[in-house]
Amino acid sequence: MDHHHHEEKRRVWITGASSGIGYALAERMAGQGDNVSISARSADKLNELASASGNIDAFPLDVSVREDVHKTIDAIEAQAPIDVAILNAGAWALMDADQMDVAKIRTGLEVNYMGVIYAIEKLIPLMRERGGGHIAIMASVAGFRGLPRSMAYGPTKAALINLAETLKPELEQFGIHVSVINPGFVDTPATRDNPFPMPDLITADEAARYIAEGIDKQKVEIIFPWRFALIMKLLRILPNRPFYWAMRRIMGR
Ligand SMILES: NC(=O)c1ccc[n+]([C@@H]2O[C@H](COP(=O)([O-])OP(=O)(O)OC[C@H]3O[C@@H](n4cnc5c(N)ncnc54)[C@H](OP(=O)(O)O)[C@@H]3O)[C@@H](O)[C@H]2O)c1
């Protein structure tokens, strides 16, 4: 293991840490000596993870409830300032355009996008006052272009990628770093039942290693695994004609 030890303990806040990528990331960062505050709705899972490590504290939370997000940040900051916020909580749903479920679309928007907005609303003034901090936003390569059956998910990730681009030059004047995380397919409870092939699927532990290293290097974009990332980068710049041809192929037409 290439665990990196820091001179000073950082305070890291990870949302969506009750399972999948967030859980693996909390374990990894606590293992490398960071103080990790973890949030999600499942208090039992958070407490279990926290009780297994002296470096982890649980702060149960629904990120789509603005007042709760603000209160949670206050509670964490009462212990120590948040140096790194990893806004990872997210909801995934497959949806066909002729079988729309507007409630699910709204949940996606409220958790994936507004959840991040509520957190940065509170964090930006705090970090600005301290003259430093790091905000990492979990997006996805699925936000690069519109993908079939992704109407409840892709648009929220596209919004987050755009948001991170907006924030980066503004916040760097205050010494605040912004990272956007764009993973390919990661094996987690969210993706386990996907009815389509997932090329270059990696484990949550592998994803956590890419993310932890990217954050240490203060990378602007943390994107992995490299081969699938390259395919998605190419898809992003592909002209419409070949893009839609490829999408028809994916849909089996
Ligand atoms: N897996 C992939 O292939 C992949 C690829 C690209 C990006 N991502 C992104 O990575 C992030 C983590 O996903 P994952 O694959 O690790 O999925 P996961 O295992 O389902 O984890 C999602 C996490 O978000 C939390 N969460 C969901 N709704 C929440 C809410 N309203 N308030 C607070 N926490 C909430 C869940 O905890 P509770 O249910 O306990 O609240 C859970 O801890 C997501 O943003 C996802 O979009 C995943």
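Quick notes on this one:
- Condition met for residue 133 (of a type outside the set (A, V, I, L, M), touching a Phe, Trp or Tyr at 6+ places or on another chain (Cβ under 9 Å) and closer than 24 Å to residue 173 by Cβ): yes
- Yes/no for residue 101 being under 22 Å from residue 191 (Cβ atoms), without any contact (Cβ under 8 Å) to a residue 60 or more places away in the chain and away from the ligand (no atom under 15 Å from the Cβ): yes
- Lone unmet requirement of (1) within 10 Å of the ligand (Cβ to nearest atom); (2) under 30 Å from residue 8 (Cβ atoms); (3) surrounded by fewer than 15 Cβ atoms within 10 Å (Cβ to Cβ) for residue 38: (3)
- Unique match (being touching a Lys or Arg at 6+ places or on another chain (Cβ under 7 Å) and either free of Cβ contacts under 8 Å to residues at least 60 places away in the same chain or aliphatic (A, V, I, L, M) (or both)) among 186, 178: 178
- Listed by first and then second residue, the pairs linking a residue in region 190-207 that is over 20 Å from residue 27 (Cβ atoms) and in contact (Cβ under 8 Å) with a residue 24 or more places away in the chain to a residue that is not hydrophobic (A, V, I, L, M, F, W, C) and not in a loop (DSSP other than H, G, I, E, B), with Cβ atoms under 9 Å apart and 6 or more places separating them unless they lie on different chains, are 199/227; 200/227.
- Residue match in region 60-67 (condition: more than 13 Å from the chain's Cα centre (by Cα), more than 14 Å from the ligand (Cβ to nearest atom) and of a type outside the set (Ser, Thr, Tyr)): no
- Scope region 87-115; condition closer than 14 Å to residue 155 by Cα, in a helix (DSSP H, G or I) and hydrophobic (A, V, I, L, M, F, W, C); matching residues: 102, 105, 109, 111, 114
- Every listed requirement among (1) surrounded by 19 or more Cβ atoms within 10 Å (Cβ to Cβ); (2) within 12 Å of the ligand (Cβ to nearest atom) is met by residue 107 save one, (1).
- Odd one out for residue 118, checked against (1) more than 12 Å from the ligand (Cβ to nearest atom); (2) in a helix (DSSP H, G or I); (3) closer than 23 Å to residue 178 by Cα: (1)
- If you go through region 214-229 and keep only what is surrounded by 14 or more Cβ atoms within 10 Å (Cβ to Cβ) and either free of Cβ contacts under 8 Å to residues at least 12 places away in the same chain or hydrophobic (A, V, I, L, M, F, W, C) (or both), you end up with 215, 220, 222, 223, 224, 228, 229.
- Test: residue in region 197-207 that is assigned to a loop (DSSP other than H, G, I, E, B), farther than 19 Å from residue 10 by Cα and in contact with a strand residue (DSSP E or B) (Cβ under 7 Å, 6 or more places away or on another chain): yes
- Screening residue 152 against (1) over 23 Å from residue 23 (Cα atoms); (2) surrounded by fewer than 19 Cβ atoms within 10 Å (Cβ to Cβ) leaves a single unmet condition, (2).
- Selection of region 225-253 for residues being in a loop (DSSP other than H, G, I, E, B) and either β-branched (Val, Ile, Thr) or at pLDDT below 95 (or both) yields 251, 252, 253.
The values are calculated or read from the model by the stated rules, or taken from the named source; none is laboratory data. Keep in mind it's a predicted model, so treat the numbers as computed, not measured. With ideal geometry, Cβ positions are generated from the backbone for all residues, glycine too; neighbour counts draw on all protein chains shown.
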